[in-house]
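Enquirer: Here it is, the structure, as structure tokens.
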Amino acid sequence: MKKFLFPLTFILVLFSCLPDEPTFDAFRRVEVQRLLSNRESKSWLLEERILFNEEVQLDSCQTPRQLIFNFTSSSDDSDSLFYVNPAEACGNSNDTLKGSWFVPTTITPETPIDTLIFVWEGSDTAIFQIDNLNPENLSISTYFEEDSLMESFTHSSFPEDDEQ
């Protein structure tokens, strides 16, 4: 019995040192970038907006609103970001925010991150906390109380005519 006790104890100690299964809290920077952009381009459809703790009723011009993350592996270019209203009746050319996005660098590549930054052209910079992220769902909220914005998105395929 004693000869099995030491190997069993050793195995238990070894397995107790293994890291837990990754959860959202443990996503690394590259994983967040991949989930947001699919390493190319990924579109997210707005499902819900909460402003100052009150749900905003989305009208027909806000419902099809998309957040599009474009990723580039070039260190010279920034990753582009579009907040688009594709409904023709809503004047999508005037209702598109353009900018760039990035996930801040961390001390080490293994350090978890839950921060996302949008830099809008001719506007300002928005810092978001990622509340939920998986291949199909994204929820973000502002870090600063005075902004108090929370938005939820679901993954959306690009319309066929936009791909051309």
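Read-outs throughout are calculated quantities, based only on the coordinates presented, and are distinct from any laboratory measurement. Treat the numbers as computed from the prediction; the structure is a model and nothing was measured. Every residue, glycine as well, gets a Cβ built from its backbone with ideal geometry; the counts of neighbours run over all protein chains shown.
Enquirer: Which net charge results for the neighbourhood of GLU48, defined as the other residues with beta-carbon distances under 10 angstrom from its beta-carbon, given Lys and Arg at +1 and Asp and Glu at -1?
Expert: Within the 10 Å Cβ shell, the charges total -2.
Enquirer: Please work out the FRET efficiency for the pair GLU48 and THR9, using the Cβ-Cβ distance as r and a Förster radius of 41 Å; give the result to the nearest 0.05.
Expert: Step by step, r from the Cβ atoms, then E = 0.20.
Enquirer: Once the Cβ-Cβ distance between ASN38 and ILE117 is put in as r, and R0 is 22 Å, what FRET efficiency do you end up with, to the nearest 0.05?
Expert: 0.70
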